[in-house]
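Structure, as structure tokens:
The values are calculated or read from the model by the stated rules, or taken from the named source; none is laboratory data. This is a predicted model, so every value here is computed, not measured. Side chains are part of the model used for accessible areas, which takes the heavy atoms of the whole protein and leaves out ligands, DNA and RNA. Shrake-Rupley method; radii C 1.70, N 1.55, O 1.52, S 1.80 Å.
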Amino acid sequence: MDFDVKDLKLAKEGKNRIQWAGRDMPVLKGIREEFSKSRALKGLTLGACLHVTSETANLMITLKEGGANVSLCASNPLSTQDDVAASLVDDYGIPVFAIKGEDNDTYYKHIYNVLDTKPQISMDDGADVVSSIHSKRKELMENMLGGTEETTTGVIRLKSMEAKKVLGYPIIAVNDAQTKHLFDNRYGTGQSTIDGILRATNILLAGKRFVVIGYGWCGKGVAMRAKGMGASVIVLEIDPLRALEAKMDGFEVMKNTEAAKIGDVFLSVTGDKHVIGEPILKNCKDKTIVANSGHFDIEIDLDYLKENSASIRTVRPMVEEYKMKDGRRIYVLAEGRLVNLSSAEGHPASVMDMSFANQSLSTEYIYKNSKDLEKKVYKVPEEIDKRIAKIKLETMGVNIDKLTPEQEEYLNSWEIGT
Ligand code: ADE
């Protein structure tokens with residue numbers, strides 16, 4: 001079996017962590033048990049490019065249990081858990097190509113290693129596999145039954161491919177399932193981002209001015225949790241509706257140059273380029289901390305920092321100090337990469353349970369229905385979303401009421417008024 005991981009000797013620790021995450025993934029466990037009986041994915045070759053974490057390991061094991069030949073590479077150079085990668089290879093016989101801290105060339109070499117297995121379904125977190133197939137490995141296209149996409153950034157890229165009529169095979173936007181973004185993006189990013197910032201810096205959040213840039217589901221989650229830790233939260237948002245929502249949720253909303261003068265910590269979750277750029281970096285206070293939880297490392301303008309700093313040094317793991325020519329110190333966390341996955345462990349298993357249940361069932365759906373799918377970006381079928389919500393509630397021991405026949409009738413009638 002071909003693979004490329006840091007050190008197979010790390011497998012024992014990795015296995016413990018995979019099992020620990022598995023404890024908190026009951027929905028995925030149920031699907032795994034079902035897959036092992038139905039072998040619904042028998043004969044399928046699947047190439048995954050995801051954050052190589054203990055939660056992802058549980059997904060890979062589930063897909064393999066369904067009969068799929070799976071291989072895995074990293075969707076970010078800094079998010080790989082090397083012990084988990086080792087265990088997937090050594091204990092579970094799953095080919096993994098990922099090493100934490102890999103350079104850009106190795107990152108792409110690992111994507112091509114996965115593509116060498118000639119996948120029929122791609123599973124992406126950020127659309128790098130889809131984009132590599134469309135640009136560098138076009139000969140694989142005819143083999144493709146479909147793909148899934150985990151994250152907002154990837155879905156935006158794929159919808160733009162669909163709009164430009166260049167998308168070569170159908171994709172299910174797992175990110176857009178309600179049981180994904182309402183929980184993973186909000187509570188997962190909310191908690192793991194704060195976790196990443198605290199593990200990197202060990203600062204006290206209480207009393208700090210914490211600036212969240214972007215008020216999508218991820219930004220909402222981070223703002224909520226930063227507030228819960230006692231920070232005064234400021235939101236920067238370019239969309240008037242979201243800005244209004246942030247204001248009515250009780251946060252300060254202002255322009256970047258105003259926030260620059262007072263913020264202590266800046267966190268971007270927009271998916272766009274240089275949102276922590278010159279207007280903030282030129283005007284921010286001495287000892288400002290900047291971090292990113294968006295998918296790509298483009299949100300902080302590192303070139304501006306490099307050009308305008310007198311020196312750069314690492315002051316703690318995952319913390320770089322840029323001493324600016326004017327004497328101010330700016331601290332960049334995790335090289336501007338996803339702080340929650342680079343300096344913490346990403347979202348907790350309990351929330352990845354639903355995201356990866358969506359991945360598993362969407363894969364089964366594509367495998368069964370590929371003939372009927374067009375070269376479009378599809379939503380996760382509603383019955384999958386509802387089923388996951390129902391099972392998750394059951395596994396949490398939560399029971400909910402049903403409509404009475406009378407209530408059902410009322411909702412379905414238009415004649416009954418006052
Ligand atoms: N994305 C965010 N958190 C994650 C995790 N724990 N595993 C895989 N992908 C993630």
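A few notes on this one:
- 20 Å-binned pair-distance histogram of the chain (Cα, whole percent): 26, 55, 18, 1
- Per residue, the accessible area of region 266-418 comes to 55 Å² when a 1.4 Å probe rolls over the protein heavy atoms.
- For the chain, averaging the sequence separation of C-alpha pairs within contact (under 8 Å, six or more residues apart) and dividing by the residue count gives a relative contact order of 16 percent.
- Proximal lysines to residue 208, defined as alpha-carbon separation beneath 30 angstrom and excluding residues fewer than eight positions away on the same chain: 220, 227, 247, 255, 261, 273, 282, 285, 287, 306, 323, 325
- Report summary: the helix-based calculation at 222 nm, which adds -39500 (n - 2.57) for every DSSP H run with n ≥ 4 and divides by the residues of the chain, gives -12500 deg cm²/dmol.
- Tensor-based shape of region 7-73 (alpha-carbon gyration tensor, a/c under 1.5 rounded, otherwise prolate or oblate): oblate
- Within the chain, helices built from complete DSSP H runs that reach 27 Å or longer along their own axis (Cα positions) and carry a mean Kyte-Doolittle hydropathy of -1.0 or higher are 349-369.
- Gyration tensor verdict on region 205-302 (Cα atoms; rounded if a/c is under 1.5, prolate if a/b is larger than b/c, oblate otherwise): rounded
- Once the mean of 1/r is taken over each pair of separate Cα atoms and inverted, region 96-135 shows a Kirkwood hydrodynamic radius of 10.7 Å.
- The value obtained for region 1-143, namely the Cα convex hull volume divided by the number of residues, is 98 Å³ per residue.
- Relative contact order computed over region 77-184 (Cα-Cα under 8 Å; 6+ residues apart), in percent: 19
- Rounded, prolate or oblate (a/c below 1.5 giving rounded, otherwise prolate when a/b exceeds b/c) for region 304-390 by Cα gyration tensor: prolate
- Structure note, pairs 118/371; 100/392; 180/392: Cα-Cα distances above 21 angstrom occur for 100/392.
- Percent carbon-and-sulfur accessible area, region 118-170, ignoring ligands, DNA and RNA, probe 1.4 Å: 54
- Rg and Dmax [Cα atoms of region 99-235; Å; Rg one decimal, Dmax integer]: 18.4, 57
- The mean accessible area for residues of region 86-141, using a 1.4 Å probe and ignoring ligands and nucleic acids, is 37 Å² per residue.
- Amide hydrogen neighbours beyond the local backbone of residue 73, cut-off 5 Å, H modeled: 48, 49, 50, 97
- Antiparallel %, DSSP beta bridges [both residues in the chain], to 5: 20
- Alpha-carbon geometry of region 167-215: the Rg and the Dmax are 15.7, 51 Å, given in that order.
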